[in-house]
1. Just to check, using Stokes-Einstein with a Kirkwood Rh over alpha carbon pairs, what's the diffusion coefficient of region 230-278 at 10 °C and 1.306 mPa s in µm²/s?
2. Which helices count as membrane-span-like in the chain under these terms: full DSSP H, at least 15 Å along the axis by C-alpha, Kyte-Doolittle mean of 0.0 or more?
3. Given the alpha-carbon gyration tensor of region 1-154, what are the semi-axes of its equivalent ellipsoid in whole angstrom, ordered largest first, with each equal to the square root of 5 times an eigenvalue?
4. Label residue 89 and residue 161 with points 7 Å out from Cα along Cα→Cβ: what is the distance between them in nm?
5. Quick one: which residues, 5 or more positions from residue 258 or on another chain, have an amide H under 5 Å from its amide H? H modelled 1.01 Å from N in the peptide plane, none for Pro or chain starts.
6. For region 65-121, what number results from the quotient of the Cα radius of gyration and 2.2 N^0.38 Å?
7. Mind ordering 4-15, 135-146, 257-268 by average Cβ neighbours within 10 Å, highest first?
8. For region 1-85, what's the radius of gyration and Dmax over Cα atoms, in angstrom?
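Nothing in this text is a laboratory measurement; each read-out follows from the coordinates by a stated rule. Everything numeric in this text was worked out from a predicted model, so none of it was measured. Cβ placement follows ideal geometry from the backbone for every residue including glycine, while neighbour counts extend to all protein chains displayed.
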Amino acid sequence: MFAKAAASDADLVFLDLEDACAPAEREAARGKAAKALRELDWGRTLRAIRMNAIDTRWAYGDVIETVTEAREALDVIIVPKVRHARDVWWVDTLLTQLEETLGLTERIALEVLIEETEGLENVGEIVRASDRLQAVIFGAGDFSASQGARVDTNFDPVVDYPGDMWHYARARVVVAARSAGIDAIDAPFPNFRDPEAYRIASERAAAMGYVGKWAIHPSQVEIANSAFAPTKYEIEHARRVVAAYREAEATGRGATSVDGMLVDAAHLRHAETVTRTAELVNRTAELVKGKAVAG
């Protein structure tokens, strides 16, 4: 599984020390993860671990042992079940002490999982708890348990429910992330045998402003990469909007039209976001292409 993950061309892969490990195996998993992070060729993929929640007996050992063994081969630590800003501060402080002790030259980044109702209530403070934070992730599985929701194994409601049952939670997470200047990542989709449903879920998350979605199977990676990238039409339209607005601006006008629709400063802002995203996707594609050629 480690080797498949390294070859998946995902933007980030985390090796799990938490829910994917039986409790009796969680301490031994640290060394296995660190070895894989050091020895496998991860290419452009960011290397991460998911530690255990800070209220468990494994948390401090996950950070200390894995960082000590992996060192520069670890880019990100994902902190699960975050309830308060102080949970992030605890990991940040421990990491700072470790980095100084080990003489690490690169800071290890953090991502946090919002998968408790208490965490959602405090998400605005959580996303500002550390300058290491790069992303906040909505975790529908544990969140549904925390909320007491009646869902199936794909975290969908067991009754006919109008719309997305998790829309409120998703909206709060993405708004908090954007207001703090970090990324929002959507929940995993356990039913990997239904790629069309995963595609639809990814596209809906992208429409809300999420920049990615967890993939629990290699077959989901390409679907997510496609769903969260601007379409050819979006890119072309955005470029036309920018060009039209700049032309209007040069003649002293604050608005113009494209295809019979008003275009003003708000449209310019959106168009520039689309073009920036397209540029990032293109650079990533070139990195992947280079990796394939080199291999």
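1. Values: Rh = 10.6 Å.
Roughly 149 µm²/s, to the nearest whole number.
2. On the way: long enough: 26-39 (20 Å, -1.14); 59-70 (16 Å, 0.24); 85-102 (26 Å, -0.03); 167-180 (20 Å, 0.20); 195-208 (20 Å, -0.31); 232-250 (27 Å, -0.81); 265-294 (44 Å, -0.14).
Those that clear 15 Å and a mean of 0.0 are 59-70, 167-180.
3. On the way: eigenvalues 117, 72, 43 Å².
The three semi-axes for region 1-154 are 24, 19, 15 Å.
4. Here the modelled spin labels are 3.4 nm apart.
5. Hits under the 5 Å cutoff: 263.
6. Working: Rg = 12.5 Å, N = 57, 2.2 N^0.38 = 10.2 Å.
Expressed relative to 2.2 N^0.38 Å, the Cα Rg reads 1.22.
7. Ranked by mean Cβ neighbours within 10 Å, highest first: 135-146, 4-15, 257-268.
8. Rg then Dmax for region 1-85, in Å: 12.3, 36.
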